[in-house]
Amino acid sequence: MDAQARRYDISPYYEGWFQLAWSRDLKRGQLKKVRQFGTTFAMFRGDDGKVGVIDDICPHLGAHFSEGGCVRGNAVRCPYHHWSFGRDGQCVDIPYSKKIPVKAKVGGYAVEERYGMIFMYRSASGGPPKRPLPVIENFDPAQYCEPEHFDFSIRIHGQDIMENSVDGPHFWAVHGHSMPRFEFTEDAGSLRVNQQMSVDRFGTTIDFRLEFHLVEPGFHYVHFPKIPGTTAMVFSSIVPIDEEYTSHRMTFCIKKTPVPGWSNVVRRFLIWQMMKTYREDMRIWENKEYHAHPVLCDGDGSIMKLRRWFAGFLDPADGPKLARLPISSGLG
């Protein structure tokens, strides 16, 4: 806690929808521990195939469901005295008692399963979602090849990761790309960033166009609409693990093509390029300091605009919130 408090003056946590896992990683009747937001949750898939996420500590005598517990029907059974709790957190069975106490309940969270991913809504109050799970525009999973999955644990605040999307000069300085050209727009609370740049690879210059849609800190994605013969999409969920570390989960999808093997060739190149740049960023992220009031120049894009947008998802109940900072210019 102290290390994170010295590094940032904003809360390490925020609200919204967050990817906890990929659907393939949770089988029917399986229970898993999930450590996010400075605590642990019990995530399970019932006999009916639906996923539930509840607080991990039994209100009876404090046992952790995820340490020896199991799924029975559509509920989680505590390993200590076999009390069972449903997806809403309510106790549904105590095998040696005729009456279930009114206070026999734990926190139960809104869960949605879509695009082969499991999402949970999180807020400081633990209340119901303020908005439905967003959608990925112009994306039909049936038209895409089997996705690639990536999961990194990084000593960084999620806001720093998202700043990459609007930090044009770093693409040139860190990754050796051309200086990108940006177009920024606000759209019903989200940010859209269109980026055009080029990179020299294999003795030729390759032009890229990226379309970022920053919907929430835990729900944003980028389309690659101008790839020869196909298109690609990367979904990104930035989820705080605790006061110091963040989990960054990415799902890479490339569209099927009529040319045999072409999708795989493009996939391999894009993933190689993406992971190369990501590790270059990661080295800096984990060793940088945070400036609430950075010294910026006119070529720094919309760093403060991104921070103002991000601050809308920080809940005062979670801790310090970013101060209202003056912005001398609009987007771009």
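The values are calculated or read from the model by the stated rules, or taken from the named source; none is laboratory data. What you see is a predicted model; the values in this text were computed from it and never measured. Cβ atoms come from the backbone with ideal geometry, glycine included; neighbour counts cover every protein chain shown.
Overview of values
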| read-out | value |
| --- | --- |
| Set 19, 90: member being of a type outside the set (Lys, Arg), crowded, with 20+ Cβ neighbours inside 10 Å and out of contact with any His (no Cβ under 7 Å at 6 or more places or on another chain) | 19 |
| Of residues in the range 277-297 being free of Cβ contacts under 8 Å to residues at least 60 places away in the same chain and part of a loop (DSSP other than H, G, I, E, B), the one farthest from residue 159 (Cα to Cα) | 297 |
| Residue that is nearest to residue 63 (Cα to Cα) [pool: residues in the range 93-116 that are charged (D, E, K, R) and within 34 Å of the chain's Cα centre (by Cα)] | 105 |
| Filter result (touching a Ser or Thr at 6+ places or on another chain (Cβ under 6 Å) and either without any contact (Cβ under 8 Å) to a residue 24 or more places away in the chain or outside the structural domain of residue 242 (by TED's automatic domain parsing) (or both)) within the range 142-178 | 178 |
| Selection from the range 163-178 of residues that are in contact with a Phe, Trp or Tyr (Cβ under 8 Å, 6 or more places away or on another chain) and not in a loop (DSSP other than H, G, I, E, B) | 168 |
| Search result, residues across the range 235-263 that are touching a residue at least 24 places away in the same chain (Cβ under 8 Å) and of a type in the set (S, T, N, Q) | 237, 246, 247, 251, 257, 263 |
| Yes/no for residue 230 being polar (S, T, N, Q), touching a strand residue (DSSP E or B) at 6+ places or on another chain (Cβ under 7 Å) and more than 30 Å from residue 35 (Cβ to Cβ) | yes |
| The range 298-316, residues that are more than 25 Å from residue 176 (Cβ to Cβ) and in a loop (DSSP other than H, G, I, E, B) | 312, 313, 314, 315 |
| Residue within the range 144-165 that is out of contact with any strand residue (DSSP E or B) (no Cβ under 9 Å at 6 or more places or on another chain) and more than 21 Å from residue 15 (Cβ to Cβ) present | yes |
| Output for the range 123-162, where each listed residue is in a strand (DSSP E or B) and under 12 Å from the mean Cα position of the chain (by Cα) | 150, 151, 152, 153 |
| Selected residue (only one of 205, 231 is assigned to a strand (DSSP E or B), farther than 25 Å from residue 300 by Cβ and modelled with pLDDT under 80) | 205 |
| Residue satisfying all of: in the range 235-276; over 23 Å from residue 158 (Cα atoms), in a loop (DSSP other than H, G, I, E, B) and not hydrophobic (A, V, I, L, M, F, W, C); modelled with the lowest pLDDT among these | 260 |
| Of all residues making up the range 246-273, the number that are among the small types (Gly, Ala, Ser) and closer than 22 Å to residue 138 by Cβ | 1 |
| Residue list for the range 179-199, restricted to those being in a loop (DSSP other than H, G, I, E, B) and modelled with pLDDT of 80 or more | 188, 189 |
| Sole residue being over 30 Å from residue 289 (Cβ atoms), part of a strand (DSSP E or B) and aromatic (Phe, Trp, Tyr), chosen from 41, 18 | 41 |
| Among (1) surrounded by fewer than 20 Cβ atoms within 10 Å (Cβ to Cβ); (2) out of contact with any Asp or Glu (no Cβ under 8 Å at 6 or more places or on another chain); (3) more than 20 Å from residue 145 (Cβ to Cβ); (4) of a type in the set (Ser, Thr, Tyr), the one test that residue 290 misses | (2) |
